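*Asks:* Below you will find the structure I want to go over with you.
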Amino acid sequence: MSDFNNARWLQPFETHLIEQGYRPVTIKRQLSTCEQFLCYIRQQGIAAERVTPTIFDTFLTYQVQRYRQRNGHDLRDIRVAQHWFGQGIPGLLRFVQGRWPPTPLPGNDLERFHWSLRARYTNWLDQCRGLSAASIKLHHQRTTQLLTWLGERASAEQIGELSIKEMDAYFTAIAPHYCRQTRVGIAYCVRHFLRYLYHQDIISQDLAATVEGPSRYALEAIPPALKPEDIDRVLALARGNRTPVGIRNYAILLLLAHYGLRSGEVVRLRLKDIDWHRDQFHIYQSKSGKESLLPLLSPVGNALLDYVQHARPQTAVREVFVCAYAPHRPLSSLHYLVSRVLDEAGIDAEGRRGPHTFRHARAVSLLRQKVSLKTISDLLGHRSALQTRSYLKLATDDLRDVALELPDMTETAP
(Lines give C-alpha, C1' and ligand atoms only; values in the text may rest on other atoms or scores of the structure.)
Protein backbone atom coordinates (compact mmCIF):
# COMPACT_ATOMS: atom_id res chain seq x y z
CA MET A 1 0.00 0.00 0.00
CA SER A 2 3.08 2.16 -0.17
CA ASP A 3 2.78 5.06 -2.62
CA PHE A 4 4.13 8.56 -3.08
CA ASN A 5 1.61 10.20 -0.75
CA ASN A 6 2.21 7.63 1.98
CA ALA A 7 5.99 7.85 1.77
CA ARG A 8 5.90 11.64 1.71
CA TRP A 9 3.47 12.33 4.54
CA LEU A 10 2.92 9.34 6.84
CA GLN A 11 6.38 9.14 8.36
CA PRO A 12 6.73 12.91 9.02
CA PHE A 13 3.19 12.94 10.41
CA GLU A 14 4.02 10.04 12.73
CA THR A 15 7.05 11.98 14.01
CA HIS A 16 4.80 15.01 14.52
CA LEU A 17 2.31 12.96 16.57
CA ILE A 18 5.12 11.58 18.73
CA GLU A 19 6.39 15.12 19.37
CA GLN A 20 2.87 16.19 20.32
CA GLY A 21 2.77 13.53 23.03
CA TYR A 22 0.11 11.18 21.61
CA ARG A 23 0.01 7.66 23.02
CA PRO A 24 1.34 4.84 20.79
CA VAL A 25 -2.11 3.24 20.49
CA THR A 26 -3.62 6.56 19.36
CA ILE A 27 -0.81 7.13 16.86
CA LYS A 28 -1.32 3.65 15.40
CA ARG A 29 -5.07 4.25 15.02
CA GLN A 30 -4.63 7.65 13.38
CA LEU A 31 -1.95 6.42 10.97
CA SER A 32 -4.25 3.60 9.89
CA THR A 33 -7.11 5.92 8.90
CA CYS A 34 -4.68 8.41 7.33
CA GLU A 35 -3.12 5.66 5.21
CA GLN A 36 -6.57 4.65 3.91
CA PHE A 37 -7.35 8.28 3.11
CA LEU A 38 -4.07 8.84 1.26
CA CYS A 39 -4.68 5.72 -0.84
CA TYR A 40 -8.20 6.94 -1.62
CA ILE A 41 -7.10 10.37 -2.86
CA ARG A 42 -4.24 8.78 -4.85
CA GLN A 43 -6.82 6.68 -6.71
CA GLN A 44 -8.79 9.87 -7.35
CA GLY A 45 -5.67 11.64 -8.64
CA ILE A 46 -5.76 14.24 -5.85
CA ALA A 47 -2.67 15.51 -4.04
CA ALA A 48 -2.87 15.90 -0.27
CA GLU A 49 -2.08 19.60 -0.65
CA ARG A 50 -5.26 20.02 -2.75
CA VAL A 51 -7.77 18.25 -0.52
CA THR A 52 -10.89 20.28 0.27
CA PRO A 53 -13.63 19.73 2.88
CA THR A 54 -15.87 18.38 0.09
CA ILE A 55 -13.30 15.71 -0.78
CA PHE A 56 -12.98 14.74 2.89
CA ASP A 57 -16.77 14.44 3.22
CA THR A 58 -16.87 12.30 0.06
CA PHE A 59 -14.29 9.96 1.59
CA LEU A 60 -16.42 9.58 4.74
CA THR A 61 -19.48 8.79 2.61
CA TYR A 62 -17.42 6.21 0.70
CA GLN A 63 -16.36 4.56 3.97
CA VAL A 64 -19.94 4.47 5.26
CA GLN A 65 -21.04 2.75 2.05
CA ARG A 66 -18.25 0.18 2.40
CA TYR A 67 -19.35 -0.48 5.99
CA ARG A 68 -22.91 -1.13 4.78
CA GLN A 69 -21.69 -3.55 2.10
CA ARG A 70 -19.50 -5.48 4.53
CA ASN A 71 -21.98 -5.67 7.42
CA GLY A 72 -25.36 -5.63 5.69
CA HIS A 73 -26.65 -2.68 7.74
CA ASP A 74 -26.03 1.00 8.28
CA LEU A 75 -24.23 2.59 11.18
CA ARG A 76 -26.52 2.99 14.18
CA ASP A 77 -25.44 6.61 14.47
CA ILE A 78 -24.06 8.33 11.38
CA ARG A 79 -22.34 10.86 13.63
CA VAL A 80 -19.70 8.28 14.59
CA ALA A 81 -18.53 8.04 10.97
CA GLN A 82 -16.00 10.85 11.35
CA HIS A 83 -14.62 9.28 14.53
CA TRP A 84 -14.34 5.79 13.03
CA PHE A 85 -13.23 6.60 9.51
CA GLY A 86 -11.77 10.10 9.81
CA GLN A 87 -9.78 10.05 13.04
CA GLY A 88 -6.46 11.78 12.51
CA ILE A 89 -7.19 12.94 8.96
CA PRO A 90 -7.97 16.59 9.88
CA GLY A 91 -4.68 16.64 11.81
CA LEU A 92 -2.83 15.22 8.79
CA LEU A 93 -4.38 17.81 6.47
CA ARG A 94 -3.50 20.57 8.94
CA PHE A 95 0.06 19.22 8.98
CA VAL A 96 0.19 19.14 5.16
CA GLN A 97 -1.63 22.36 4.31
CA GLY A 98 -0.79 24.46 7.37
CA ARG A 99 -4.47 25.21 8.04
CA TRP A 100 -7.58 23.07 8.16
CA PRO A 101 -10.26 23.58 7.17
CA PRO A 102 -8.83 25.95 4.57
CA THR A 103 -10.14 29.47 4.26
CA PRO A 104 -12.91 29.33 1.62
CA LEU A 105 -12.12 31.25 -1.54
CA PRO A 106 -14.51 34.02 -2.61
CA GLY A 107 -17.11 32.73 -5.04
CA ASN A 108 -18.26 35.90 -6.80
CA ASP A 109 -17.28 39.52 -7.45
CA LEU A 110 -18.92 40.80 -4.24
CA GLU A 111 -17.12 38.26 -2.05
CA ARG A 112 -13.82 38.99 -3.83
CA PHE A 113 -14.23 42.72 -3.19
CA HIS A 114 -15.07 42.17 0.49
CA TRP A 115 -12.11 39.79 0.87
CA SER A 116 -9.73 42.30 -0.71
CA LEU A 117 -11.12 45.18 1.36
CA ARG A 118 -10.76 43.26 4.64
CA ALA A 119 -7.22 42.19 3.74
CA ARG A 120 -6.17 45.79 3.06
CA TYR A 121 -7.86 46.99 6.24
CA THR A 122 -6.26 44.39 8.51
CA ASN A 123 -2.86 45.08 6.92
CA TRP A 124 -3.39 48.80 7.70
CA LEU A 125 -4.28 47.97 11.31
CA ASP A 126 -1.06 45.98 11.59
CA GLN A 127 1.37 48.22 9.71
CA CYS A 128 -0.01 51.69 10.45
CA ARG A 129 -1.81 51.27 13.77
CA GLY A 130 0.38 48.56 15.32
CA LEU A 131 -2.55 46.63 16.81
CA SER A 132 -2.04 43.23 18.41
CA ALA A 133 -3.04 40.05 16.58
CA ALA A 134 -6.02 39.59 18.93
CA SER A 135 -7.28 43.13 18.29
CA ILE A 136 -6.86 42.75 14.53
CA LYS A 137 -8.84 39.50 14.65
CA LEU A 138 -11.67 41.23 16.50
CA HIS A 139 -11.74 44.13 14.02
CA HIS A 140 -11.76 41.62 11.16
CA GLN A 141 -14.75 39.80 12.66
CA ARG A 142 -16.74 43.00 13.19
CA THR A 143 -15.90 44.24 9.69
CA THR A 144 -16.99 40.93 8.16
CA GLN A 145 -20.24 41.14 10.10
CA LEU A 146 -20.94 44.65 8.80
CA LEU A 147 -20.06 43.88 5.17
CA THR A 148 -22.14 40.70 5.21
CA TRP A 149 -25.16 42.60 6.51
CA LEU A 150 -24.74 45.38 3.93
CA GLY A 151 -24.45 42.86 1.09
CA GLU A 152 -24.75 44.53 -2.34
CA ARG A 153 -24.82 47.96 -0.70
CA ALA A 154 -21.15 47.36 0.12
CA SER A 155 -20.19 46.30 -3.42
CA ALA A 156 -17.38 48.01 -5.30
CA GLU A 157 -19.94 50.08 -7.21
CA GLN A 158 -22.15 51.15 -4.28
CA ILE A 159 -19.95 51.33 -1.17
CA GLY A 160 -18.96 54.93 -1.93
CA GLU A 161 -22.55 55.98 -1.30
CA LEU A 162 -22.93 54.57 2.21
CA SER A 163 -25.04 56.86 4.36
CA ILE A 164 -25.97 57.55 7.97
CA LYS A 165 -29.34 55.92 7.32
CA GLU A 166 -27.72 52.58 6.53
CA MET A 167 -25.47 52.71 9.60
CA ASP A 168 -28.48 53.45 11.81
CA ALA A 169 -30.36 50.55 10.24
CA TYR A 170 -27.43 48.22 10.91
CA PHE A 171 -27.23 49.02 14.61
CA THR A 172 -31.02 48.80 14.93
CA ALA A 173 -30.89 45.32 13.38
CA ILE A 174 -28.15 43.94 15.64
CA ALA A 175 -29.26 45.62 18.88
CA PRO A 176 -31.61 42.82 20.06
CA HIS A 177 -28.87 40.20 19.71
CA TYR A 178 -26.13 41.77 21.88
CA CYS A 179 -25.80 43.17 25.38
CA ARG A 180 -24.95 46.83 25.85
CA GLN A 181 -21.25 46.24 26.53
CA THR A 182 -20.85 44.22 23.32
CA ARG A 183 -22.65 46.91 21.30
CA VAL A 184 -20.18 49.46 22.67
CA GLY A 185 -17.34 47.33 21.27
CA ILE A 186 -19.07 46.87 17.91
CA ALA A 187 -19.58 50.62 17.57
CA TYR A 188 -15.91 51.18 18.33
CA CYS A 189 -14.81 48.74 15.59
CA VAL A 190 -17.27 50.13 13.03
CA ARG A 191 -16.06 53.69 13.66
CA HIS A 192 -12.48 52.57 13.00
CA PHE A 193 -13.49 50.87 9.75
CA LEU A 194 -15.53 53.82 8.51
CA ARG A 195 -12.68 56.20 9.31
CA TYR A 196 -10.35 53.99 7.26
CA LEU A 197 -12.79 53.94 4.31
CA TYR A 198 -13.05 57.73 4.34
CA HIS A 199 -9.30 58.38 4.51
CA GLN A 200 -8.76 55.90 1.68
CA ASP A 201 -11.38 57.78 -0.42
CA ILE A 202 -13.54 54.67 -0.61
CA ILE A 203 -16.60 56.45 0.83
CA SER A 204 -17.54 60.04 0.08
CA GLN A 205 -18.30 61.25 3.62
CA ASP A 206 -16.85 60.62 7.07
CA LEU A 207 -19.48 58.51 8.79
CA ALA A 208 -17.37 57.60 11.82
CA ALA A 209 -18.53 60.57 13.88
CA THR A 210 -22.18 59.67 13.24
CA VAL A 211 -21.90 56.20 14.82
CA GLU A 212 -23.25 56.43 18.35
CA GLY A 213 -23.03 53.36 20.51
CA PRO A 214 -24.65 52.92 23.93
CA SER A 215 -23.43 55.23 26.67
CA ARG A 216 -20.57 53.95 28.76
CA TYR A 217 -19.82 55.58 32.09
CA ALA A 218 -16.54 55.64 33.91
CA LEU A 219 -16.46 53.26 36.89
CA GLU A 220 -20.10 52.28 36.23
CA ALA A 221 -19.66 48.61 37.09
CA ILE A 222 -18.46 46.99 40.28
CA PRO A 223 -15.66 44.57 39.34
CA PRO A 224 -16.33 40.98 40.43
CA ALA A 225 -13.98 39.81 43.17
CA LEU A 226 -13.62 36.80 45.41
CA LYS A 227 -13.63 37.04 49.17
CA PRO A 228 -10.44 35.98 51.03
CA GLU A 229 -12.19 32.92 52.43
CA ASP A 230 -13.29 31.94 48.89
CA ILE A 231 -9.70 32.11 47.64
CA ASP A 232 -8.51 30.00 50.57
CA ARG A 233 -11.16 27.39 49.80
CA VAL A 234 -10.26 27.28 46.09
CA LEU A 235 -6.54 26.93 46.80
CA ALA A 236 -7.14 24.21 49.40
CA LEU A 237 -9.26 22.26 46.92
CA ALA A 238 -6.69 22.64 44.13
CA ARG A 239 -3.79 21.69 46.42
CA GLY A 240 -5.48 18.38 47.24
CA ASN A 241 -5.71 17.33 43.59
CA ARG A 242 -2.45 15.48 42.84
CA THR A 243 -3.26 14.57 39.25
CA PRO A 244 -1.13 16.27 36.54
CA VAL A 245 -4.05 18.59 35.77
CA GLY A 246 -4.54 19.39 39.45
CA ILE A 247 -0.84 20.16 40.02
CA ARG A 248 -0.85 22.48 36.99
CA ASN A 249 -4.05 24.23 38.04
CA TYR A 250 -2.76 24.80 41.58
CA ALA A 251 0.34 26.59 40.26
CA ILE A 252 -1.83 28.74 37.98
CA LEU A 253 -4.24 29.67 40.76
CA LEU A 254 -1.36 30.68 43.06
CA LEU A 255 -0.04 33.03 40.36
CA LEU A 256 -3.48 34.57 39.99
CA ALA A 257 -4.08 34.90 43.73
CA HIS A 258 -0.65 36.22 44.80
CA TYR A 259 0.16 38.52 41.89
CA GLY A 260 -3.19 39.41 40.33
CA LEU A 261 -1.86 38.56 36.86
CA ARG A 262 -4.00 38.71 33.75
CA SER A 263 -4.92 35.46 32.03
CA GLY A 264 -2.73 36.25 29.01
CA GLU A 265 0.27 37.02 31.22
CA VAL A 266 0.01 33.58 32.80
CA VAL A 267 -0.47 31.55 29.62
CA ARG A 268 2.43 33.38 27.91
CA LEU A 269 4.84 32.74 30.79
CA ARG A 270 7.84 30.81 29.39
CA LEU A 271 10.32 28.53 31.08
CA LYS A 272 13.15 30.97 30.43
CA ASP A 273 11.18 33.74 32.20
CA ILE A 274 11.69 32.00 35.57
CA ASP A 275 15.01 32.68 37.28
CA TRP A 276 15.18 29.91 39.86
CA HIS A 277 18.56 31.00 41.25
CA ARG A 278 17.43 34.56 42.02
CA ASP A 279 13.84 33.60 42.95
CA GLN A 280 12.25 35.97 40.45
CA PHE A 281 10.40 35.85 37.15
CA HIS A 282 9.62 38.10 34.20
CA ILE A 283 6.10 39.05 33.17
CA TYR A 284 5.20 40.76 29.90
CA GLN A 285 2.17 42.88 30.69
CA SER A 286 -0.63 42.46 28.17
CA LYS A 287 -1.92 46.02 27.93
CA SER A 288 1.01 48.27 28.75
CA GLY A 289 3.50 46.14 26.82
CA LYS A 290 6.04 46.59 29.63
CA GLU A 291 8.18 43.93 31.24
CA SER A 292 7.98 43.43 35.00
CA LEU A 293 10.42 41.57 37.24
CA LEU A 294 8.55 40.02 40.16
CA PRO A 295 9.85 38.15 43.22
CA LEU A 296 9.10 34.43 43.18
CA LEU A 297 7.32 33.82 46.45
CA SER A 298 8.07 30.49 48.11
CA PRO A 299 4.57 28.92 47.80
CA VAL A 300 4.37 29.90 44.13
CA GLY A 301 7.93 28.79 43.36
CA ASN A 302 7.38 25.41 45.04
CA ALA A 303 4.14 24.87 43.11
CA LEU A 304 5.79 25.79 39.79
CA LEU A 305 8.73 23.47 40.48
CA ASP A 306 6.37 20.66 41.45
CA TYR A 307 4.51 21.10 38.15
CA VAL A 308 7.62 21.32 35.96
CA GLN A 309 9.27 18.30 37.58
CA HIS A 310 6.32 15.97 38.09
CA ALA A 311 3.32 16.97 35.98
CA ARG A 312 4.38 18.92 32.89
CA PRO A 313 4.42 16.71 29.75
CA GLN A 314 7.61 16.26 27.76
CA THR A 315 7.20 18.73 24.89
CA ALA A 316 9.17 21.16 22.75
CA VAL A 317 6.73 23.94 23.70
CA ARG A 318 8.51 26.59 25.77
CA GLU A 319 5.49 28.06 27.54
CA VAL A 320 5.25 26.88 31.14
CA PHE A 321 1.62 25.79 31.12
CA VAL A 322 0.52 23.33 28.44
CA CYS A 323 -2.43 21.04 27.81
CA ALA A 324 -2.16 17.89 29.92
CA TYR A 325 -3.37 15.71 27.04
CA ALA A 326 -1.99 15.50 23.52
CA PRO A 327 -1.47 17.62 21.59
CA HIS A 328 0.52 19.44 24.28
CA ARG A 329 -0.12 22.99 23.08
CA PRO A 330 0.19 26.09 25.28
CA LEU A 331 -3.01 26.95 27.12
CA SER A 332 -5.00 29.58 25.23
CA SER A 333 -7.31 30.70 28.03
CA LEU A 334 -7.87 30.23 31.76
CA HIS A 335 -11.57 31.09 31.92
CA TYR A 336 -12.90 27.54 31.78
CA LEU A 337 -10.24 26.32 34.21
CA VAL A 338 -11.08 28.97 36.82
CA SER A 339 -14.84 28.69 36.35
CA ARG A 340 -14.70 24.91 36.82
CA VAL A 341 -12.60 25.16 40.00
CA LEU A 342 -15.06 27.70 41.43
CA ASP A 343 -17.91 25.30 40.71
CA GLU A 344 -16.06 22.42 42.38
CA ALA A 345 -15.42 24.59 45.44
CA GLY A 346 -19.12 25.50 45.59
CA ILE A 347 -18.45 29.23 45.23
CA ASP A 348 -21.30 31.17 43.66
CA ALA A 349 -19.37 34.22 42.44
CA GLU A 350 -21.54 37.01 41.09
CA GLY A 351 -20.95 38.34 37.58
CA ARG A 352 -17.96 37.09 35.61
CA ARG A 353 -16.26 33.95 36.92
CA GLY A 354 -12.93 34.09 35.13
CA PRO A 355 -9.33 34.82 36.18
CA HIS A 356 -10.04 38.54 36.64
CA THR A 357 -11.96 37.77 39.84
CA PHE A 358 -8.60 36.86 41.42
CA ARG A 359 -7.03 40.02 40.02
CA HIS A 360 -9.75 42.18 41.53
CA ALA A 361 -9.49 40.38 44.86
CA ARG A 362 -5.74 41.02 44.92
CA ALA A 363 -6.32 44.72 44.28
CA VAL A 364 -8.75 44.93 47.17
CA SER A 365 -6.36 43.13 49.53
CA LEU A 366 -3.65 45.66 48.66
CA LEU A 367 -6.05 48.56 49.26
CA ARG A 368 -6.86 47.14 52.67
CA GLN A 369 -3.14 47.04 53.43
CA LYS A 370 -3.08 50.82 52.79
CA VAL A 371 -1.02 50.46 49.61
CA SER A 372 -1.31 53.54 47.40
CA LEU A 373 -3.29 53.47 44.16
CA LYS A 374 -0.15 54.34 42.19
CA THR A 375 1.73 51.35 43.61
CA ILE A 376 -1.21 49.01 42.98
CA SER A 377 -1.46 50.38 39.44
CA ASP A 378 2.21 49.57 38.83
CA LEU A 379 1.91 46.08 40.30
CA LEU A 380 -1.16 45.23 38.23
CA GLY A 381 0.28 46.70 35.04
CA HIS A 382 -2.31 49.45 34.59
CA ARG A 383 -1.42 52.28 32.26
CA SER A 384 -2.45 54.83 34.86
CA ALA A 385 -3.77 54.96 38.43
CA LEU A 386 -7.16 56.03 37.01
CA GLN A 387 -7.77 52.42 35.90
CA THR A 388 -7.32 51.27 39.49
CA ARG A 389 -10.00 53.57 40.91
CA SER A 390 -12.80 51.11 40.15
CA TYR A 391 -11.39 48.76 42.82
CA LEU A 392 -12.23 51.36 45.46
CA LYS A 393 -15.83 50.26 45.05
CA LEU A 394 -14.88 46.83 46.36
CA ALA A 395 -13.39 48.22 49.56
CA THR A 396 -16.45 50.03 50.90
CA ASP A 397 -15.81 48.85 54.45
CA ASP A 398 -12.40 50.50 54.35
CA LEU A 399 -13.81 53.73 52.93
CA ARG A 400 -15.83 54.17 56.11
CA ASP A 401 -12.57 54.56 58.02
CA VAL A 402 -11.71 57.71 56.10
CA ALA A 403 -15.20 59.24 56.03
CA LEU A 404 -15.37 62.92 56.88
CA GLU A 405 -16.86 63.85 60.24
CA LEU A 406 -20.02 65.88 59.85
CA PRO A 407 -21.14 68.45 62.42
CA ASP A 408 -24.03 67.57 64.69
CA MET A 409 -26.95 69.38 63.02
CA THR A 410 -29.18 68.84 66.09
CA GLU A 411 -27.28 71.41 68.14
CA THR A 412 -29.08 74.73 68.36
CA ALA A 413 -27.30 77.92 67.47
CA PRO A 414 -26.36 80.17 70.41
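The values are calculated or read from the model by the stated rules, or taken from the named source; none is laboratory data. Treat the numbers as computed from the prediction; the structure is a model and nothing was measured. Every residue, glycine as well, gets a Cβ built from its backbone with ideal geometry; the counts of neighbours run over all protein chains shown.
*Asks:* How about segment 43-60: which of its residues are among the hydroxyl-bearing types (Ser, Thr, Tyr) and surrounded by 13 or more Cβ atoms within 10 Å (Cβ to Cβ)?
*Replies:* THR52, THR58, listed by residue number.
*Asks:* Kindly provide the set of residues from segment 295-316 that are over 18 Å from ARG242 (Cα atoms) and modelled with pLDDT of 90 or more, ordered by number.
*Replies:* The answer is PRO295, LEU296, LEU297, SER298.
*Asks:* Follow-up. Restricting to segment 157-177, count the residues that are surrounded by 14 or more Cβ atoms within 10 Å (Cβ to Cβ) and not in a helix (DSSP H, G or I).
*Replies:* Number of matching residues: 2.
*Asks:* Moving on to the next point. Which of the following residues is under 25 Å from ARG23 (Cβ atoms), under 21 Å from the mean Cα position of the chain (by Cα), of a type in the set (A, V, I, L, M) and surrounded by fewer than 19 Cβ atoms within 10 Å (Cβ to Cβ): ALA316, ALA324, ALA311?
*Replies:* Answer to the selection: ALA324.
*Asks:* I want to confirm something. Restricting to segment 111-137 and keeping residues that are of a type in the set (A, V, I, L, M) and surrounded by 16 or more Cβ atoms within 10 Å (Cβ to Cβ), which single residue is nearest to the chain's Cα centre (by Cα)?
*Replies:* Going through the qualifying residues, I end up with ILE136.
*Asks:* Pick from segment 275-308 the residues that are over 24 Å from the mean Cα position of the chain (by Cα) and small (Gly, Ala, Ser): which of them is surrounded by the fewest Cβ atoms within 10 Å (Cβ to Cβ)?
*Replies:* SER298
*Asks:* Now for a different question. Quick test for you: out of ARG183, ARG142, ARG118, ARG129, pick the one residue that is charged (D, E, K, R), in contact with a Leu (Cβ under 9 Å, 6 or more places away or on another chain) and farther than 30 Å from ARG8 by Cα.
*Replies:* Of the residues listed, the single one that is charged (D, E, K, R), in contact with a Leu (Cβ under 9 Å, 6 or more places away or on another chain) and farther than 30 Å from ARG8 by Cα is ARG118.
*Asks:* Mind checking which residues of segment 44-63 are part of a helix (DSSP H, G or I), within 21 Å of GLN11 (Cβ to Cβ) and of a type outside the set (Gly, Ala, Ser)?
*Replies:* Correct list: GLU49, ARG50.
*Asks:* Let me ask you something else. Here are some residues: SER163, SER135, SER155. Which one is modelled with pLDDT under 90 and more than 27 Å from PRO53 (Cα to Cα)?
*Replies:* Result: SER135 is the single residue among SER163, SER135, SER155 that is modelled with pLDDT under 90 and more than 27 Å from PRO53 (Cα to Cα).
*Asks:* May I pose another question? Out of all the residues in segment 99-110, which are over 19 Å from HIS139 (Cα atoms) and under 24 Å from the mean Cα position of the chain (by Cα)?
*Replies:* The answer is ARG99, TRP100, PRO101, PRO102, PRO104.
*Asks:* To continue, here is another question. Tell me which residues, restricted to segment 21-35, are exposed (fewer than 14 other Cβ atoms within 10 Å of the Cβ) and part of a loop (DSSP other than H, G, I, E, B).
*Replies:* Answer for segment 21-35, where residues must be exposed (fewer than 14 other Cβ atoms within 10 Å of the Cβ) and part of a loop (DSSP other than H, G, I, E, B): just ARG23.
*Asks:* For segment 138-156, which positions are within 26 Å of THR182 (Cβ to Cβ) and surrounded by fewer than 11 Cβ atoms within 10 Å (Cβ to Cβ)?
*Replies:* none
*Asks:* Do the conditions hold for LEU254, that is, is it assigned by TED's automatic domain parsing to the domain that holds SER339, at pLDDT below 90 and aliphatic (A, V, I, L, M)?
*Replies:* No: the conditions fail for LEU254.
*Asks:* Within segment 91-101, can you find the residues that are surrounded by 14 or more Cβ atoms within 10 Å (Cβ to Cβ) and either in contact (Cβ under 8 Å) with a residue 12 or more places away in the chain or farther than 27 Å from VAL51 by Cβ (or both)?
*Replies:* Answer for segment 91-101, where residues must be surrounded by 14 or more Cβ atoms within 10 Å (Cβ to Cβ) and either in contact (Cβ under 8 Å) with a residue 12 or more places away in the chain or farther than 27 Å from VAL51 by Cβ (or both): GLY91, LEU92, LEU93, PHE95, VAL96, GLN97.
*Asks:* Of the conditions (1) modelled with pLDDT of 90 or more; (2) within 28 Å of PHE13 (Cα to Cα); (3) out of contact with any Ser or Thr (no Cβ under 9 Å at 6 or more places or on another chain), ILE78 fails just one. Which one is it?
*Replies:* (1)
*Asks:* Restricting to segment 7-31, name every residue that is under 11 Å from GLY88 (Cβ atoms) and either free of Cβ contacts under 8 Å to residues at least 12 places away in the same chain or aromatic (Phe, Trp, Tyr) (or both).
*Replies:* PHE13, TYR22, LYS28
*Asks:* Kindly establish whether LEU342 is more than 29 Å from THR26 (Cβ to Cβ) and more than 19 Å from the chain's Cα centre (by Cα).
*Replies:* yes
*Asks:* Does ARG68 count as assigned by TED's automatic domain parsing to the domain that holds CYS39 and in contact with an Asp or Glu (Cβ under 7 Å, 6 or more places away or on another chain)?
*Replies:* yes
*Asks:* Out of everything in segment 191-218 that is surrounded by 13 or more Cβ atoms within 10 Å (Cβ to Cβ) and of a type in the set (A, V, I, L, M, F, W, C), what residue ends up being modelled with the lowest pLDDT?
*Replies:* Across segment 191-218, the extreme among qualifying residues is VAL211.
*Asks:* If the Cβ limit is 6 Å and pairs must be 6+ apart or interchain, which residue in segment 187-212 that is farther than 20 Å from GLN141 by Cα pairs with which residue that is of a type in the set (Val, Ile, Thr)?
*Replies:* Pairs that qualify, where the first residue is farther than 20 Å from GLN141 by Cα and the partner is of a type in the set (Val, Ile, Thr), are THR210/ILE164.
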